[in-house]
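Structure record follows, encoded as structure tokens.
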Amino acid sequence: MKSFPENHEVQRVSGQTLSRAFESVNWLLPAPHAKMIVDSHEKQARYSLKELAKTKNQSPPDPATPLCPGTFHQALEAYEKEREKDFTLPDGSFDGSGHHMLGMIRMMRERIADFPLAELDFTRCQNVVDFWRHRPKALNGEMSLSQKTCRNYLGELKRFFESLHLSKEFGWRKPQDFGSLKYQIRSFPSDRKSLDELEILTYSVEELTLLYKHAIRSERLHLVWCLNCAHGAAEFGRVEWEDILLRQDHPWRKQGLKVETSEADSWCGFIRPKSGVLGWWLLWPETVQLLEWWRKDITKYLRREPKDNERVLLTDAGTPLYRDQSRNGQTGFANAWARLLKRLHEAEGEAAVRSLPFGTLRNQLPDWLGGEQAKAVVASVALCHGIPHEGDKLLYRHYSNKPWAALFQAQRDYREHLRPMFEAVPDPLTEYDPVTEKVRTLWATGEQNVRRLAEQVGVSEMVVRRRLKALGL
């Protein structure tokens, strides 16, 4: 439906029509007549909207709603294009965090039926809001969307209404009492958390030991780094070689930072993309050893030395393992983690280690520190939060350095806590072979018949002989 012109525009158009019909007459439509034409068109348009609402078994739109052109879906499409600009970086690349937002806008078009934008009065606005705050079923129809998911949709919907109100393309204005829209999200009895279920799940030392033991070198690097630095895929995946300082004093020590450090220590300094907050982490010896192996390994694939401004974690093809341009940038990490869990479960059984997501590793150090306020501040510094603790107003930023020394000591203490994990495989570069381990165990119990060993381990006799030779047995 098109918007209606002002009176003087109707005068001009009508005058042109009459002039073409009677060229010898200087026609000019009087203002009262022009207003009558506009009122007539508007009356007819509102009558059409009223009849359309009847056919849809809906209430007619509020007469105060502007008669603007376009449809709800067209407005969402225009908003998506504008929203995309918010995530386009100066170099023309796309910030991967925007995929989720744009996906929600597309889902709104998919799940809410289209209608003329002129029908978007207060009641219709509330109906659209209600669709999300009442928590519809997921597309597979099994469960209702979570409160967090619906909260995200409502947040994007609010931004859409605001953008539409300011848009000159559609001429829609917020209806009267727009501020009275209800946004409270429905809760279900099933939302209630079980008393037996922790809010944040973490792995035990025993589980981490098995994960470390069964991991191949690249998987072990992911595991150890994230335990060491409280990083997830988005953090470790964006670390560059120039962020890593090996075997040297902390660079801030010369500027007066009071930390216990020596030239034998190694560090990672990194600005977390999500919060824009600087973080420093002391790197464990095992982390450094795996990192140095990784640099040599990736050099072979690249056939050159990695550049300082190049990301540490690359694929065999030389592309970043963490894909900023993808909606699921952490897929490479998740796939490697799934392979490790599958291999472990096949060797140790499904019950040996829970199938928690890769991001669980990011929670291990902060959770181990506990909830006491001073330690919570240290945990927040490790996580690169903007405000270290809800009771702290970021005074560290204004009056002193963050408690770096406390964080580095906490990292040393946490490594000591994980000693059983490291002792399970003293050399981080040694990959665990379950077949060799089974042959060694059976041989030690007195079973030294090659044929029977092969039957019990489930491999050929030749494989058993090779393993015995490698073990020096």
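The values are calculated or read from the model by the stated rules, or taken from the named source; none is laboratory data. Since the model is a prediction, treat every value here as computed from it, not as a measurement. No Cβ is skipped: glycine too gets one built from the backbone with ideal geometry, and neighbour counts run over all protein chains shown.
Structure notes:
- Residue-level analysis places LEU321 outside the set of residues that are among the aliphatic types (A, V, I, L, M) and farther than 24 Å from TYR203 by Cβ.
- Apart from one condition, GLN176 fits all of (1) more than 30 Å from GLN325 (Cβ to Cβ); (2) surrounded by 14 or more Cβ atoms within 10 Å (Cβ to Cβ); the exception is (2).
- Failed condition for GLU219, given (1) under 30 Å from GLU346 (Cα atoms); (2) assigned by TED's automatic domain parsing to the domain that holds TRP337; (3) assigned to a loop (DSSP other than H, G, I, E, B); (4) out of contact with any Phe, Trp or Tyr (no Cβ under 7 Å at 6 or more places or on another chain): (3)
- Neighbours by Cβ (under 6 Å, 6+ apart or cross-chain): first from segment 334-350, surrounded by fewer than 16 Cβ atoms within 10 Å (Cβ to Cβ); second not basic (Lys, Arg): ALA334/PHE358
- Verdict on GLN255 being farther than 26 Å from PRO426 by Cα, surrounded by 14 or more Cβ atoms within 10 Å (Cβ to Cβ) and either polar (S, T, N, Q) or outside the structural domain of VAL224 (by TED's automatic domain parsing) (or both): no
- Any hit, segment 395-408, residues being closer than 22 Å to ALA215 by Cα and either in contact with a Cys (Cβ under 8 Å, 6 or more places away or on another chain) or modelled with pLDDT of 85 or more (or both): no
- One residue alone among ALA113, ALA118 is among the aliphatic types (A, V, I, L, M), surrounded by 14 or more Cβ atoms within 10 Å (Cβ to Cβ) and at pLDDT below 95, and that residue is ALA118.
- Considering residues of segment 242-267 that are in contact with a His (Cβ under 9 Å, 6 or more places away or on another chain) and free of Cβ contacts under 8 Å to residues at least 40 places away in the same chain only, the residue farthest from GLU310 (Cα to Cα): ASP265
- When ARG295, ARG272 are screened for being surrounded by 12 or more Cβ atoms within 10 Å (Cβ to Cβ), within 28 Å of PRO426 (Cα to Cα) and basic (Lys, Arg), only ARG295 passes.
- Filter result (of a type in the set (D, E, K, R) and either buried (at least 16 other Cβ atoms within 10 Å of the Cβ) or outside the structural domain of ALA334 (by TED's automatic domain parsing) (or both)) within segment 362-380: ARG362, ASP367, LYS375
- Residue match in segment 100-109 (condition: modelled with pLDDT under 90, part of a helix (DSSP H, G or I), outside the structural domain of GLU169 (by TED's automatic domain parsing) and under 45 Å from the mean Cα position of the chain (by Cα)): no
- Segment 361-383, residues that are over 16 Å from VAL224 (Cα atoms) and among the basic types (Lys, Arg): LYS375
- Taken over segment 252-280, the residue count meeting the criterion of being under 14 Å from ALA234 (Cβ atoms) and part of a loop (DSSP other than H, G, I, E, B) is 6.
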